[in-house]
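The values are calculated or read from the model by the stated rules, or taken from the named source; none is laboratory data. Keep in mind that what you see is a predicted model, and the values were worked out from it rather than measured. So basically every Cβ, Gly included, is an ideal-geometry build from the backbone, and we count neighbours across all protein chains shown. To get the accessible areas, we keep the full protein, side chains included, count just its heavy atoms, and leave off ligands, DNA and RNA. Shrake-Rupley method; radii C 1.70, N 1.55, O 1.52, S 1.80 Å.
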Amino acid sequence: GSGAGGATSGLPAELRHQVQRLTDEDPGVRFDAAAALLESGDPQVVEHVLPLCKDSDAFVRRLVVEELAKFPGPEVVEALIVALADPEENVRYAAHGALKNVTGARINYDPSASSGDRAKGQRRWRDWWERNKGRFG
């Protein structure tokens, strides 16, 4: 997003508070904040939680990629495709499930395959996305 300063202005106070907690040093705090934001169902939270797809904590990453499926949009699909390369298998698994939910596509990808095979699967998803992203957003 551009200009993060006023980016939270449209959010209710409670959600603004949770957005501030997304940068906490404690992964448990970040997890709880992301969960509260994603459960709010407010589409404005997406830009704030998307960076947590790359959080240092695998539990946070998994929560975010799983729950982002509730917010189908181009930026979500792109973040989920990136998450197919996550170092943790359970995060890759969650990302693939979310991608299938958001897009309705069934692209061959195995979260537990070798890194070479996973890279091929991720490329298949990217190729599909390049052809189909015009239908989203």
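Filtering Gly73, Gly97, Gly28, Gly41 for residues that are more than 21 Å from Gln122 (Cβ to Cβ) and touching a residue at least 24 places away in the same chain (Cβ under 8 Å) leaves a single hit, Gly41.
Selection over the stretch 103-137 of residues that are open to solvent by 100 Å² or more (accessible area, probe 1.4 Å) and among the β-branched types (Val, Ile, Thr) gives a count of 0. Output the residues belonging to the stretch 82-102 that are open to solvent by 50 Å² or more (accessible area, probe 1.4 Å) and assigned to a helix (DSSP H, G or I). Val82, Glu89, Asn90, Tyr93, Lys100, Asn101 - these are the residues of the stretch 82-102 that are open to solvent by 50 Å² or more (accessible area, probe 1.4 Å) and assigned to a helix (DSSP H, G or I).
Can you spot a residue in the stretch 105-126 that is closer than 21 Å to Asp32 by Cβ and modelled with pLDDT of 95 or more? Within the stretch 105-126, none of the residues are closer than 21 Å to Asp32 by Cβ and modelled with pLDDT of 95 or more.
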